[in-house]
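> Let me give you the structure first, and then I'll get to my questions.
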Amino acid sequence: MTKWSLSTLSRLKSDWLFTVVTRSSACVAAAIVFLVVAFLISESIPAIRQIGVGRFITDASWHPLSDQFNLTPMIVASLTITLGAILIAAPLGISAAIYCQFYAPTAIAVWYRRLIELLSGIPSVVFGLWGLVVLAPIVARLGGSGQSILTASLVLGLMILPTVALTTQAALRSVPGEWLAGGAALGFCRSSTIRRIALPAARRGILGGLLLALARAMGETMAVLMLAGNVVEMPDSIVAPARTLTANIALEMGYATAGHRSVLFVSGLFLIAIVAVSVSLAGFGGAVDE
Amino acid sequence: MIQTQSLSVYYGDKQAVRDVTFHAPAGKITAIVGPSGCGKSTFLSSLNRMTDLIPSARIEGQVIVNCCDVQDRNRSPAELRRCVGMIFQKPNPFAMSIRNNIQLAVREHGQRDRQQLNQITESVLRDVGLWDEVKDRLDDSALKLSGGQQQRLCIARALALKPSILLMDEPCSALDPIASATVEALILSLKERYTILIVTHNLAQARRISDEVAMFWMNDGAGEIIEQGPTETVFSKPNHPIAAAYFAGTSG
Amino acid sequence: MNSLTDRLVSLMIGSAAALVAAVLGWVLLDILYRGIGDLSWEFLAQPPEDAGRSGGIAPIIVSTMLILMVALIAAVPLSLSAAAALAQQRHRRFGWAWIASRCLDVLAAVPSVVFGLFGNAFFCVALGMGYSILAGGLTLACMILPILIHTTEHGLRAVPADYHYAAASLGLSRTTTFFRITLPAALPAIAAGLVLGIGRALAETAALIFTAGYVTRQPESLMGSGRSMSVHIFDMAMNVPAGDGRANATAALLVAMLLIINAAAMSLASKASAKLSGQTAEDMNSRQYV
């Protein structure tokens, strides 16, 4: 009996060690987000102190080398391109999810889903290259150089489409089968069952998915960097070139010093804030728990 | 020997088992019967503190197993569970070889000698009548066995720890009739050496194999014992009118 | 009337889905088709010449693999350990596990260019690693950590409760239960998540430009700078006139690698679900009612 008790003791000890090690790992992993934010803030402080937040809006233009730090054109460009991408991805992504969940025969649905999953893994730099080689010359026929808000929105829309489609399908799948059966029992045809029962029930999940897609589009860098043209001015048409916040960071980080570098960190902080808000809102829709 | 005194089990605010005072004599089979959802399984799992695994579960009252208080803070649940084997409704062998299924827990509890381990393996597999069926494929996955064989392996796995008590939660209900009969015969053969508690829906089975019977019934949302005593007495002359109706097949 | 609407809706959904599949298929095949002609043994085995316009990408492949290796060595043990803690915990609202998970959700959504900023400020400058394979790999480790933890936690949670009950009833310690029972059962699912994380790391560009750098030479050590394949694609397409051909070839190679990785992840995932339940991963229950 003593032998058993001894081994029990050593087991309790190893359990304790296991718990401590695993829990601290979880806390360390979660704390990385604070480390990221802390470093962004500490690098941003010089800019906020010496230049001040107001000048990011009131300065005449973005000429960091001659001390002009107006970020507005880039914020507008980021928002416009993101909006364009959502306008393209939302109807197509939701349709694709409805097709996959309710219309496609099982064998096709599986492969359709795999195609979409596959596309979500294609590097953004590859999408950018494709847009540059294939799409830009086509868009150029509408005017401009082809590197424009429209080109960037189209490709970005394609890139976030898998996010919309996969989260929407997850939301539709979690609608209880009995509800749909109830609709069918009331004599609803397929399209009304989807419109009146499935979509309203999945509304929160779909909205959450759109918010995640929005966060992804806001933060996307390589494709817009290669496709939007990168000229810092207020865009006046959809075929005009523009530079987003993310592209600006990627373009100037290489040579930025002192105050200029610090302003880039301020824009990074701004991006992370937008993304954190979208993700938290999406979390309330339950899309993140999927 | 198992004894409970005013045992109540709660899940959060909801009471599942109310005020159960119960006694299972050593070396006998005690059947626990009653309709589904009346707290039988909850009661059973409170006896070896499996309720610890459910974060919201809470126990009041006293459980005494082999003269020790189960809730004693100085005793680890692992030590308790080593001397109280448990068999579940659905056979749940681990996804590993037959040999490792049996030896994993024995090794964990301090037995390292390979020869000893193999000896234990053979003797418990003989006890459950599985030895001749599996002796040539001890290193095959346990998941390849049939349902009845898996359940007998689970019993062997519990016996390998040399428990004095076996708790069985509807061990035959997920099996086909033939496998069920084999397992039932096995349970009867274990009677002398172990104190056995078996939860069952099957009144005929309870009557066939048990020495004592306790009957649970749902009262105000929580399970209570309404009838308890030697099997023949309880079945032939139940005191409680609900028990009488239940046994006659007119209630529940 | 009703059935006419129904057919019209079916037609719209069907054509939207077909459009999505067609465009996605077009992108994929186009990338492979454009690049495949330039792929050759020399391309894989030789160093780049003439700023990359001719020669191969051998040192770039080596750098990519080294960055990936650093990222995995840093992220895999931490993610496994963190997931073990999170999977054992009920995520009660505002409990520590819930908070940790929300932090990881935000970390997962941080834009990659912002990771680049952070990696530059933290690993390159604050920790003095400079532009190096090590800094790039560690930045990527932070990026893939949330994905690895998420998939691992799901894999661990998918292990049937039966196993845990059986283990507890035999008096097994939590440590033994985890290493001998839960972990082996969840292994295929964890491997599938790992493969997805590798895919994400290979696809990453923006986080690497300012951490691992863009030197085309073969790095001499982990402290040396090196260019990943994705950065090479960007540089050839944007900064090197007439670099398109090599960019296309590198993109085709990268996409081909990702296709293989994706196939591996899928077969592992289906193996995982077969191991635990004997069913396929697709839950198509609700389909029959519509």
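The values are calculated or read from the model by the stated rules, or taken from the named source; none is laboratory data. The structure presented is a predicted model; accordingly, all values stated were derived computationally and were not measured. Methodologically, a virtual Cβ is constructed for each residue, glycine included, from the backbone with ideal geometry; neighbour enumeration extends over all protein chains shown. Protein only, heavy atoms only, side chains kept; ligands, DNA and RNA dropped before computing areas. Shrake-Rupley method; radii C 1.70, N 1.55, O 1.52, S 1.80 Å.
> Which one is modelled with the highest pLDDT among residues in the range A:258-290 that are in a loop (DSSP other than H, G, I, E, B) and more than 7 Å from every other protein chain (Cβ to nearest Cβ)? Please lay out each step first, then the result.
Filtering the range A:258-290 down to residues in a loop (DSSP other than H, G, I, E, B) leaves A:286-290.
Filter once more, keeping what is more than 7 Å from every other protein chain (Cβ to nearest Cβ): A:286-287, A:289-290.
Numbers: A:286: 52, A:287: 40, A:289: 38, A:290: 35.
Residue satisfying both the conditions and the ranking: A:286.
> Scan the range B:231-240 residue by residue and report those that are under 26 Å from residue B:9 (Cβ atoms) and surrounded by fewer than 19 Cβ atoms within 10 Å (Cβ to Cβ). Steps first, please.
Quick first cut of the range B:231-240, residues under 26 Å from residue B:9 (Cβ atoms) only: B:231, B:234, B:238-240.
Matches in the range B:231-240: B:239, B:240.
> If you don't mind, there's one more thing I want to ask. Taking the range A:120-177 on its own, how many of its residues are in contact with a Pro (Cβ under 8 Å, 6 or more places away or on another chain), more than 11 Å from chain C (Cβ to nearest Cβ) and among the polar types (S, T, N, Q)? If you could, list the steps in order and put the result at the bottom.
Within the range A:120-177, the subset in contact with a Pro (Cβ under 8 Å, 6 or more places away or on another chain) is A:120, A:144-149.
Then keep just the ones that are more than 11 Å from chain C (Cβ to nearest Cβ); that gives A:144-146, A:148-149.
Next, only the ones that are among the polar types (S, T, N, Q) stay: A:145, A:148.
Here the count works out to 2.
> Could you look through the range B:54-64, keep only residues that are open to solvent by less than 70 Å² (accessible area, probe 1.4 Å) and of a type outside the set (S, T, N, Q), and pick out the one that is modelled with the lowest pLDDT?
Going residue by residue through the range B:54-64, those that are open to solvent by less than 70 Å² (accessible area, probe 1.4 Å) are B:54, B:56-57, B:59, B:61, B:63-64.
From what's left, of a type outside the set (S, T, N, Q): B:54, B:57, B:59, B:61, B:63-64.
Working: B:54: 82, B:57: 87, B:59: 89, B:61: 89, B:63: 89, B:64: 88.
Selected residue: B:54.
> Moving on. Is it fair to say residue A:78 is at pLDDT 85 or above, farther than 30 Å from residue B:78 by Cβ and more than 7 Å from chain C (Cβ to nearest Cβ)? I'd like the intermediate steps shown before the answer.
On the way: at pLDDT 85 or above: yes; farther than 30 Å from residue B:78 by Cβ: yes; more than 7 Å from chain C (Cβ to nearest Cβ): yes.
Considered against the rule, which asks whether it is at pLDDT 85 or above, farther than 30 Å from residue B:78 by Cβ and more than 7 Å from chain C (Cβ to nearest Cβ), residue A:78 comes out as yes.
Results for (1) under 24 Å from residue C:244 (Cβ atoms); (2) of a type in the set (Val, Ile, Thr); (3) in contact with a Cys (Cβ under 9 Å, 6 or more places away or on another chain), shown as yes or no for each residue.
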{"residue": "A:76", "(1), (2), (3)": "no, yes, no"}
{"residue": "A:83", "(1), (2), (3)": "no, no, no"}
{"residue": "A:87", "(1), (2), (3)": "no, no, no"}
{"residue": "A:93", "(1), (2), (3)": "no, no, no"}
{"residue": "A:98", "(1), (2), (3)": "no, yes, no"}
{"residue": "A:115", "(1), (2), (3)": "no, no, no"}
{"residue": "A:126", "(1), (2), (3)": "yes, yes, no"}
{"residue": "A:129", "(1), (2), (3)": "yes, no, no"}
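> Report the residue count in the range C:110-144 for those that are of a type in the set (A, V, I, L, M), at the interface with chain A (Cβ under 7 Å from one of its Cβ atoms) and buried (at least 24 other Cβ atoms within 10 Å of the Cβ). Give the steps one after another, and end with the answer.
Kept after step one, since they are of a type in the set (A, V, I, L, M), are these residues of the range C:110-144: C:110, C:113-114, C:117, C:121, C:125-127, C:129, C:133-135, C:138, C:140-141, C:143-144.
Those left that are additionally at the interface with chain A (Cβ under 7 Å from one of its Cβ atoms): C:110, C:113-114, C:117, C:121.
This time we only want the ones that are buried (at least 24 other Cβ atoms within 10 Å of the Cβ), so: C:110, C:113-114, C:117.
Count: 4.
> For the structure I just gave you, tell me whether residue C:101 is more than 7 Å from chain A (Cβ to nearest Cβ), of a type in the set (Gly, Ala, Ser) and assigned to a helix (DSSP H, G or I). Break it down into steps so the answer makes sense when it comes.
On the way: more than 7 Å from chain A (Cβ to nearest Cβ): yes; of a type in the set (Gly, Ala, Ser): yes; assigned to a helix (DSSP H, G or I): yes.
So residue C:101 passes the test.
> Looking at the range C:87-98, which of its residues are within 20 Å of residue A:277 (Cβ to Cβ) and either touching a residue at least 60 places away in the same chain (Cβ under 8 Å) or open to solvent by 80 Å² or more (accessible area, probe 1.4 Å) (or both)? Explain how you work it out, then say what you get.
Initial filter on the range C:87-98 (within 20 Å of residue A:277 (Cβ to Cβ)): C:93-94, C:98.
Within the range C:87-98, C:93, C:94 qualify.
> With the requirement that a residue be of a type in the set (D, E, K, R) and either touching a Lys or Arg at 6+ places or on another chain (Cβ under 9 Å) or crowded, with 17+ Cβ neighbours inside 10 Å (or both), what does the range B:108-117 give you?
From the range B:108-117, those of a type in the set (D, E, K, R) are B:108, B:112-114; that's our starting set.
Within the range B:108-117, just B:108 meets the criteria.
> Could I ask something else about it? Sort through B:42, B:51 and tell me the only one that's farther than 17 Å from residue B:227 by Cα, within 13 Å of chain C (Cβ to nearest Cβ), modelled with pLDDT of 85 or more and out of contact with any Leu (no Cβ under 7 Å at 6 or more places or on another chain). Lay out the reasoning, then the answer.
On the way: B:42 fails: within 13 Å of chain C (Cβ to nearest Cβ).
B:51 is the lone residue from the list that is farther than 17 Å from residue B:227 by Cα, within 13 Å of chain C (Cβ to nearest Cβ), modelled with pLDDT of 85 or more and out of contact with any Leu (no Cβ under 7 Å at 6 or more places or on another chain).
> Consider residue A:204 carefully, then state whether it is in a helix (DSSP H, G or I), over 23 Å from residue A:55 (Cα atoms), away from chain C (no Cβ under 11 Å) and modelled with pLDDT of 85 or more. Explain how you work it out, then say what you get.
Working: in a helix (DSSP H, G or I): yes; over 23 Å from residue A:55 (Cα atoms): yes; away from chain C (no Cβ under 11 Å): yes; modelled with pLDDT of 85 or more: yes.
Yes: the conditions hold for residue A:204.
> Would it be correct to say that residue B:143 is modelled with pLDDT under 90 and touching a Gly at 6+ places or on another chain (Cβ under 6 Å)? Let's see the steps before the verdict.
On the way: modelled with pLDDT under 90: yes; touching a Gly at 6+ places or on another chain (Cβ under 6 Å): no.
It is false that residue B:143 is modelled with pLDDT under 90 and touching a Gly at 6+ places or on another chain (Cβ under 6 Å).
> Here's another thing I want to ask about it. Under 6 Å by Cβ, and 6 or more places apart or on different chains, what pairs join a residue from the range A:224-236 that is over 19 Å from residue A:128 (Cα atoms) with one that is crowded, with 19+ Cβ neighbours inside 10 Å?
Every condition considered, the pairs that remain are A:232/A:62; A:232/A:73; A:232/A:243; A:233/A:73; A:234/A:73; A:235/A:149; A:235/A:242.
> Can you report the number of residues in the range B:88-145 which are within 19 Å of residue C:169 (Cα to Cα) and charged (D, E, K, R)?
Going through the range B:88-145 one residue at a time, the tally reaches 4.
> Can you report the number of residues in the range C:227-244 which are in a helix (DSSP H, G or I) and open to solvent by less than 30 Å² (accessible area, probe 1.4 Å)?
In the first step, residues of the range C:227-244 are kept if they are in a helix (DSSP H, G or I); the result is C:229-238, C:244.
When the remaining residues are screened for being open to solvent by less than 30 Å² (accessible area, probe 1.4 Å), the result is C:229-237.
Residues in the range C:227-244 being in a helix (DSSP H, G or I) and open to solvent by less than 30 Å² (accessible area, probe 1.4 Å): 9 in total.
> Here's something else I'd like to know. Taking the conditions exactly as written (within 30 Å of residue A:249 (Cα to Cα), β-branched (Val, Ile, Thr), surrounded by fewer than 18 Cβ atoms within 10 Å (Cβ to Cβ) and under 22 Å from the mean Cα position of the chain (by Cα)), does residue C:62 satisfy them or not?
Working: within 30 Å of residue A:249 (Cα to Cα): yes; β-branched (Val, Ile, Thr): yes; surrounded by fewer than 18 Cβ atoms within 10 Å (Cβ to Cβ): yes; under 22 Å from the mean Cα position of the chain (by Cα): yes.
When the stated conditions are applied, residue C:62 passes them.
> Just give me the residues in the range B:150-200 being under 26 Å from residue B:23 (Cβ atoms) and out of contact with any strand residue (DSSP E or B) (no Cβ under 8 Å at 6 or more places or on another chain), in sequence order. Step through it out loud before you land on a result.
Start the filter on the range B:150-200 by keeping residues that are under 26 Å from residue B:23 (Cβ atoms), which leaves B:155, B:158-159, B:161-173, B:183-184, B:186-200.
Within the range B:150-200, B:162, B:172, B:173, B:183, B:184, B:186, B:189, B:192, B:193 qualify.
> Which residues, counting only those in the range C:33-53, are without any contact (Cβ under 8 Å) to a residue 40 or more places away in the chain and in a strand (DSSP E or B)?
Scanning the range C:33-53 gives a single hit, C:49.
Residues are listed down the side, and each one gets a yes or a no for (1) closer than 26 Å to residue A:234 by Cβ; (2) modelled with pLDDT of 90 or more:
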site: A:131; (1), (2): yes, yes
site: A:152; (1), (2): yes, yes
site: A:155; (1), (2): yes, yes
site: A:160; (1), (2): yes, yes
site: A:167; (1), (2): no, yes
site: A:175; (1), (2): no, no
site: A:178; (1), (2): no, no
site: A:182; (1), (2): no, no
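> Look at the range C:173-186 and say how many of its residues are open to solvent by less than 10 Å² (accessible area, probe 1.4 Å), farther than 15 Å from residue B:97 by Cα and facing another protein chain (nearest Cβ under 7 Å).
So the count comes out to 1.
Yes or no, residue by residue, for (1) under 15 Å from residue A:80 (Cα atoms); (2) within 11 Å of chain C (Cβ to nearest Cβ):
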| residue | (1), (2) |
| --- | --- |
| A:212 | no, yes |
| A:219 | yes, yes |
| A:226 | no, yes |
| A:234 | yes, no |
| A:244 | yes, yes |
| A:249 | no, yes |
| A:256 | no, yes |
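> Select the strands (runs of 3 or more DSSP E) contained entirely in the range B:157-221, then report the ones holding at least 2 residues which are open to solvent by 40 Å² or more (accessible area, probe 1.4 Å). Break it down stepwise before answering.
Numbers: elements: B:165-169, B:195-199, B:212-219.
Result: B:212-219.
> Still on this structure, please answer the following. Can you name every residue in the range A:71-121 that is buried (at least 19 other Cβ atoms within 10 Å of the Cβ) and not in a helix (DSSP H, G or I)?
Selection gives A:71, A:104.
> Do we find that residue A:44 is open to solvent by less than 10 Å² (accessible area, probe 1.4 Å), more than 22 Å from residue C:25 (Cβ to Cβ), within 20 Å of the chain's Cα centre (by Cα) and not hydrophobic (A, V, I, L, M, F, W, C) in this structure?
Values: open to solvent by less than 10 Å² (accessible area, probe 1.4 Å): yes; more than 22 Å from residue C:25 (Cβ to Cβ): yes; within 20 Å of the chain's Cα centre (by Cα): no; not hydrophobic (A, V, I, L, M, F, W, C): yes.
No.
> Mind listing just one residue for me: the one in the range C:145-172 that is closer than 30 Å to residue B:165 by Cα and in contact (Cβ under 8 Å) with a residue 24 or more places away in the chain and, of those, most open to solvent (accessible area, probe 1.4 Å)?
Taking the candidates together, the pick is C:160.
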